Every structure is written in C-alpha cells, then in structure tokens.
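The values are calculated or read from the model by the stated rules, or taken from the named source; none is laboratory data. Keep in mind that what you see is a predicted model, and the values were worked out from it rather than measured. Using ideal geometry, Cβ is built from the backbone for each residue, glycine included, and neighbour counts are taken over all protein chains shown. Only protein heavy atoms, including side chains, enter the accessible area calculation; ligands, DNA and RNA are left aside. Shrake-Rupley method; radii C 1.70, N 1.55, O 1.52, S 1.80 Å.
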Amino acid sequence: MDLFDEQEREAGIHALAPGAALLRGFARDVAPTLLAAVDDIAASAPFRHLLTPGGHTMSVATTSCGTLGWHSDEQGYRYTSRDPDSERRWPAMPACFSALAHDAAARAGFAGFAPDACLINRYAPGARLTLHQDRNERDYGAPIVSVSLGIPAVFLFGGLRRNDPTQKLRLVHGDVVVWGGPSRLRFHGVLPLAHAEHPLTGACRINLTFRAAA
Ligand code: SIN
Ligand code: FE2
C-alpha cells in the first residue's frame, strides 16, 4: 500500500475508479435528520412502484424531491417538475440534503456540486435494481451522489459497457458513493436485498441519489 492509499484510507475514502469513490460512514451522523426529512417528503409525495418502459413494475418504491423528480412509465424515463400522481410540484429539497450532497461530492473531488433533483428509493427485502446508467440528466459534468440508509445492500459498480465486470460493494447505513468525471456513465445496480432490520428504518433500505438534472 503506498502513501496515497494510506491517506485515502485514513480519510475514509476508497477510490473505486477514476472519478468514483466510496465514502464510508460519511452520512452516519446526519442520518436521523435525513430520515425524518424523507418521512416529510413521503407524506406529500408518497412512495410508489413505477412502471418501466418495458411495462414491468419496479420492485423498488420511489419518490423525489427538488425542482425536478425522476419518473418512469411506458413512455420512458424522464424528469418532471411535478409529481405525475398529484400534479403538484415535488417537495423542496431539504437543506440537510443539499449540504450533505455538496460536501460528499467535494470530498470525492467534485467541488461546487449543487443538485436540483434527489431520487429517493425504498428497498424492501427482495427488491433490486438491475444494472443501468444514470443518463437522463442534461449535463454529465456533475457527479451522482448516492447515500445509503437502513439495512445493507450489495451495490454493483460496473464499467462503461453493460457487460463489463462489476465490483460488488456491501453498503451499510451512512455510506456514500460518488461517481462522476470519467466514471459518470458507469453501469450500476443493486442485488436483491437480504432480510435484515435496522433500528432507524426497520426492514428496509432507503437510498438517496442526488443529481444535477436540469
Ligand atoms: C440508483 O441507481 O438510483 C440507486 C442505487 C442504490 O440504491 O444504491
Ligand atoms: Fe442509478
């Protein structure tokens, strides 16, 4: 292990690829505040199981906050400024969300990250997310910041082609993964969750992914 690796380890940063890093425990302290904010958001924009363009119901339940929210149906994937279920604007992004996303991005080498969209995913045991790229955003200059809360999951972090080999990362409560720059379009996904319980979330995992979408 060279000096650089050692410094990275001490800072809790694990480089995954150029432009991609795992920040172990980065969100642990603020997690209760984040989860309270998720409850508020879900009270006005409830979690729902969206349809994929192929007509399948997603096993993950989703909602959004920010000026744009992510939506999927038989017409495709896209961002909308209103919740299609209620036709109201998405709940505003809480300050604790934007601050955490900004700071995590900065720690991973992306200064000045100002997300306008946060997709909130809720996984029950058995739920999964197949390998995909995040490519509905207008500008790939900004990274993706992904925050794991609640029960653990195995995150698949692949390459720029669907069939590239994947790294399997066990993400626990408070872990943050950032990918941008040359890694911005890497394929990623989540294996079916094993049953577990977490004191703050019960038998589920909440994932926040922050994007600069507009
Ligand atoms: C996503 O790709 O939108 C979510 C990834 C995760 O749940 O860790
Ligand atoms: Fe994604």
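Tell me, what is the FRET efficiency for residue 132 and residue 95 to the nearest 0.05, using R0 = 22 angstrom and their Cβ-Cβ distance as r?
For R0 = 22 Å, the calculated efficiency reads 0.15.
Show me the trypsin sites (Lys or Arg not before Pro) within region 27-84 that DSSP assigns to loop and that have at most 16 other Cβ atoms within 10 Å of their Cβ.
The qualifying sites are 28.
When a/c reaches 1.5 or more, the comparison of a/b and b/c decides; with that in mind, is region 88-214 rounded, prolate or oblate per its Cα gyration tensor?
oblate
Enter the accessible area of residue 44 (Å², nearest 10), with the probe set to 1.4 Å and all protein chains included.
Ignoring ligands and nucleic acids, residue 44 comes out at about 50 Å².
How many Å² of accessible area per residue for the chain, probe 1.4 Å?
I get 47 Å² per residue for this part.
Considering only DSSP states other than H, G, I, E and B, which trypsin sites (Lys or Arg not before Pro) in region 107-214 qualify as loop sites with at most 16 other Cβ atoms within 10 Å?
Loop-located and lightly packed - 128, 135, 138, 161, 162.
Given a 1.4 Å probe and every protein chain left where it sits, what share in percent of the accessible area of region 2-211 is carbon and sulfur?
After summing per-atom areas, the C and S share lands at 53 percent.
Would you mind calculating the gained length between residue 43 and residue 114 on full extension (0.36 nm times residue separation, minus the Cα-Cα distance), in nm to one decimal?
23.1 nm
For residue 185, project a label point 7 Å along Cα to C-beta. Then give me every residue of region 107-140 with its amide nitrogen under 16 Å of that point.
Only 132-140 pass the distance filter.
Connecting C-alpha atoms closer than 10 Å in a GNM of the chain, tell me which of 77, 140, 123 has the biggest fluctuation.
Of 77, 140, 123, the most mobile in the Gaussian network model is 77.
For residue 87 and residue 35, calculate 0.36 nm times their separation in residues minus their Cα-Cα distance, and state this gained length in nm to one decimal.
Extending this stretch completely gives an extra 16.3 nm.
Quick one: longest stretch of the chain between exposed loop GluC sites (Glu not before Pro), exposed meaning at most 16 other C-beta atoms within 10 Å and loop per DSSP?
88-196
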